[in-house]
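> Shown below is the structure under consideration.
The values are calculated or read from the model by the stated rules, or taken from the named source; none is laboratory data. For clarity, every value in this text was computed on a predicted model and none was experimentally measured. Here the Cβ positions follow ideal geometry from the backbone for every residue, glycine too, while neighbour counts run over all protein chains shown.
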């Protein structure tokens, strides 16, 4: 399949879809950044999908020149699908309402589509604000990574550009998922024999990252509550989440056992559980250290973030299994 048959010989029309819920603080800046890409106005359609905002998000988006559609029911997949159904462009480009896009966001994506007709979707890194807290900067780099565009297993819908017809053919976003709908769509695109490309110059700056450790923990519980449905194959993150969860569940009884029985078997089992509980956060910190060594976050900060990440994912995983258990018993 040719992933982008309509953009090989002319400048494509683009619908930028911005899901938004109470984004009055950010929405005008997001829309302004899309216009600052310099995409011709006659081929640019900015569409804000307002999801039950109780502030003046919709009014601000309308004043900034965006089309506004209302989607008051459904999960995040339904919000994204409402934008896809109302889109007019050859390409659709998703960005969140609390983000700003790079000036190169659309042009670099189109050049990649033109270079290879096996590309199904293009996205880019989600950077933290330069003025962000230590948690924000530990979650994501605040500088554009120095690397070439590369193939990736999944793209986040904070920066997700694809042919409209392809997403429609893939069956739209899964509206039953409360999170991970972008991972699910990414896997469906790949199953069509197409590739996903992460390009540094298609980056966005995300102003909605959790600003505190506790906020990150709560967000990862939400993200982790659908990971069994959205993970593909031997997903390393899912494997490490199981390891973390089982390790910390095993530590209390093994501590009691080691106190009662002084044998080496009990001590070895306790050491194994401790390693299972700390290796996932340490692997997270090591990965960040390799990728973002020139940024300000330190190894101890990345390790703290790793504990919040896998702790939240583990609690979400428990919810995920519990929901499946109730469903199978019904």
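> From the list 131, 111, which one is part of a loop (DSSP other than H, G, I, E, B), farther than 23 Å from residue 85 by Cβ and without any contact (Cβ under 8 Å) to a residue 40 or more places away in the chain?
131
> Still on this structure: How about the stretch 71-86: which of its residues are loosely packed, with under 14 Cβ neighbours inside 10 Å and either modelled with pLDDT of 95 or more or within 21 Å of the chain's Cα centre (by Cα) (or both)?
Answer for the stretch 71-86, where residues must be loosely packed, with under 14 Cβ neighbours inside 10 Å and either modelled with pLDDT of 95 or more or within 21 Å of the chain's Cα centre (by Cα) (or both): just 85.
> Follow-up question, since we're still on this one. Check the stretch 123-132 and report whether any residue there is closer than 11 Å to residue 196 by Cα and either surrounded by 16 or more Cβ atoms within 10 Å (Cβ to Cβ) or assigned by TED's automatic domain parsing to the domain that holds residue 97 (or both).
yes
> How about the stretch 163-278: which helices (runs of 4 or more DSSP H) wholly inside it have at least 1 residues that are farther than 23 Å from residue 85 by Cα?
Result: 213-224, 227-230, 236-260.
> Out of curiosity, is residue 258 in contact with a helix residue (DSSP H, G or I) (Cβ under 6 Å, 6 or more places away or on another chain), at pLDDT 90 or above and crowded, with 16+ Cβ neighbours inside 10 Å?
Answer is no for this residue.
> Quick one: would you say residue 92 is touching a strand residue (DSSP E or B) at 6+ places or on another chain (Cβ under 9 Å) and over 17 Å from residue 189 (Cβ atoms)?
no
> Follow-up question, since we're still on this one. Could you count how many residues in the stretch 11-21 are assigned to a loop (DSSP other than H, G, I, E, B) and closer than 12 Å to residue 96 by Cα?
1
> Give me a count of the residues in the stretch 27-70 that are part of a loop (DSSP other than H, G, I, E, B), in contact (Cβ under 8 Å) with a residue 40 or more places away in the chain and touching a helix residue (DSSP H, G or I) at 6+ places or on another chain (Cβ under 9 Å).
Residues that pass the stated criteria total 4.
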